[in-house]
Amino acid sequence: MTTMPSALVSLDIDPFAAGVLQDPLPMQAELREAGPVVHLSRHDVYALARYEHVHAALTDWQSFQSGAGVGLANFRYEKPWRPPSLLLEADPPRHDAPRAVLSKVLGPRALRRLRDAWFADAGELVEQVVAEPSFDAVTALAQAFPLRVFPDAVGLRQEGRENLLPYGDHAFNAFGPPNELVAKGVPRVPELSGWVGAQCARENLSADGFGAQIWAAADRGDITHDQAPLIVRSLLTAGVDTTVHALGAVLYAFAANPGQWERLRADPGLARVAFDEAVRWESPVQTFFRTATGDIDIAGTTIPDGKKILMFLGAANRDPRRWNAPDAFDLTRDPSAHVGFGMGLHQCVGQHVARLEAEAVLTALAARVERIELAEQPERHLNNTLRAWASMPVHVHRA
Ligand code: OVM
């Protein structure tokens, strides 16, 4: 028996419309149900929303290139808004030396030296924050903790650190179409890019941070000296907003699921699983694009050479074909195969940093707080790529 390839479904959906960004779950379900590949006529891109196909695309860098950009803009035809990242927007072999260097700088061995200090920092911050029964979990914890530990770990000077979040927010918006979210960021690009670029210079970095270690790798010949500042830039672009919104996600998950908070309190060793489950459940990075390096066949439909492919990480992470009760935040499941950090060659190189930050905050909070509840409806922060909270008023009961 032969199966006829079913006709490619084309939908007139804008995944970057404000209404969709506010609550992307219904659109994600529609895309998963429409077929393994869906054409999105608005942007003339091909969408993958099922786990199987998102996973397959992420692990096939030969067919699905990153070097033409991982946003909607196709670097074959369009000039990027900034010099492309040597990691995110590069393919092997050019990708590999920068990746190897950053993997080592941010690896588990390097982080072992930060663990005690970050746990102490988290304890101090949480102690101070829960002195008040009500606070905004976004500003007081999800933003405050990464901003307290990460810029120091990179080796940044104090001045200008307030530029980190707006710069990252714009960079993640810039992966989408040139809509209002991008337009509102454009006026500050010269100022923010100027500041970020300056911080990547060796003389502006402390002698012992991640930044200095990237420069030391250039001295060893593992990368060139002109690659070093762009690799530091990757830390500043991808290392702050991502962890802020991932912490926001796990704090929301617990506030909305008190039974799971009890479980964490009973077994604080679950902090890491909880964080990965929250990354699966909320998928702080919702989407990335690839570009077809030739005609690609997926389940009987052909994606033509040079077309952009939009991978819905968030939809894959809630695909009922892969996950039991995908909409449940559940510490008893094994979330480790989620694609919230990507998969394959480009899988988040900072994931160990993110997990350590989350583990420190959750451990400190679990030791001090019996219950965490939403005091008001939290408010979304809209971004073309990130699923984020702008504010999350909570009320806590101290242990
Ligand atoms: C980068 C980078 C890496 C991952 C995500 C990202 C803005 C940027 O290398 O600059 O988002």
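Laid out as a table, the results:
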quantity: Test: SER103 is polar (S, T, N, Q) and under 18 Å from the mean Cα position of the chain (by Cα); calculated: yes
quantity: ARG188 without any contact (Cβ under 8 Å) to a residue 60 or more places away in the chain, in contact with a Pro (Cβ under 9 Å, 6 or more places away or on another chain) and surrounded by fewer than 18 Cβ atoms within 10 Å (Cβ to Cβ); calculated: yes
quantity: Residue that is over 28 Å from ILE296 (Cβ atoms) and modelled with pLDDT under 95, where the choices are ARG109, ARG113; calculated: ARG109
quantity: Identity of the residue in the range 264-309, in a strand (DSSP E or B) and within 16 Å of the ligand (Cβ to nearest atom), that ends up nearest to ARG32 (Cα to Cα); calculated: THR287
quantity: In the range 123-168, the residues that are over 29 Å from ARG233 (Cα atoms) and either touching a residue at least 24 places away in the same chain (Cβ under 8 Å) or under 25 Å from the mean Cα position of the chain (by Cα) (or both); calculated: GLY123, VAL126, GLU127, VAL130, PRO133, SER134, PHE135, ASP136
quantity: Scan of the range 199-250 for residues that are more than 30 Å from TRP261 (Cβ to Cβ), of a type in the set (Gly, Ala, Ser), assigned to a helix (DSSP H, G or I) and out of contact with any Phe, Trp or Tyr (no Cβ under 7 Å at 6 or more places or on another chain), ordered by number; calculated: GLY211, ALA212, ALA216, ALA217, ALA218, SER234
quantity: Residue count for the range 230-239, restricted to those that are of a type in the set (Val, Ile, Thr) and surrounded by 24 or more Cβ atoms within 10 Å (Cβ to Cβ); calculated: 2
quantity: Qualifying residue in the range 351-372 (condition: free of Cβ contacts under 8 Å to residues at least 60 places away in the same chain and over 30 Å from ARG115 (Cβ atoms)); calculated: no
quantity: Every residue from the range 141-177 that is β-branched (Val, Ile, Thr) and within 14 Å of the ligand (Cβ to nearest atom); calculated: VAL154
quantity: Output for the range 148-164, where each listed residue is assigned to a helix (DSSP H, G or I) and more than 16 Å from GLY350 (Cβ to Cβ); calculated: ARG148, ARG161, GLU162, ASN163
quantity: Elements of type helices (runs of 4 or more DSSP H) contained in the range 46-130, each with 2 or more residues being surrounded by 15 or more Cβ atoms within 10 Å (Cβ to Cβ) and within 13 Å of the ligand (Cβ to nearest atom); calculated: 96-105
quantity: Subset of the range 165-184 (residues that are buried (at least 20 other Cβ atoms within 10 Å of the Cβ), part of a helix (DSSP H, G or I) and out of contact with any Ser or Thr (no Cβ under 8 Å at 6 or more places or on another chain)); calculated: ASP169, HIS170, LEU181
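The values are calculated or read from the model by the stated rules, or taken from the named source; none is laboratory data. Everything quoted here is computed from the prediction, not taken from an experiment. When we count neighbours, we look across all protein chains shown, and the Cβ atoms used for this are built from the backbone with ideal geometry, even at glycine.
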